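What follows is a set of notes on a single structure, which appears directly below.
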Amino acid sequence: MLDINPILLVATLIVFLTLIATLNSWLYNPLFAYMNKRDDDIKKDLEKIGSNDGEINELNQKAQSIIDTAKLEAAALREKVITDAKELADSKLEAKRAELASQYLEFEQSLAQSKEQLTGDLKSQVPLFKEAVKAKFSQI
């Protein structure tokens, strides 16, 4: 029935071991070397990323400090401009008030002169009015 041939068994064992040795040298060792190299490269990249995180955080902090400084400078400049504008508006307002006050005084003076002149004219014409009134009464 089934016999075991020792020569065939030894030959099969030799072929199997030769195949394992050949696969090990041609396939498994280069594959393991590639995988180890890839793992090492990944570890190096992760370390670089870790060091870059520190640099990125430092640069972000610098940028934030620059932005904060710029905001403070802008606020100070805005306050200065607003103060200057208010001072300019107040000075213009005071100048206009002074001009209007002087114009008002001139108007009052001219009004007083016109009143005196009109009063003088009316006083000078009072005798004419009296005569006209007497003439009207005499006609009645």
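The values are calculated or read from the model by the stated rules, or taken from the named source; none is laboratory data. All values derive from a computational prediction rather than experimental measurement. Backbone-built Cβ (ideal geometry, glycine too); neighbour counts: all protein chains shown.
Tabulated results
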| read-out | value |
| --- | --- |
| Test: residue in the range 55-62 that is among the charged types (D, E, K, R), free of Cβ contacts under 8 Å to residues at least 12 places away in the same chain and loosely packed, with under 10 Cβ neighbours inside 10 Å | yes |
| Residue match in the range 96-110 (condition: under 40 Å from the mean Cα position of the chain (by Cα), at pLDDT 95 or above and surrounded by 10 or more Cβ atoms within 10 Å (Cβ to Cβ)) | yes |
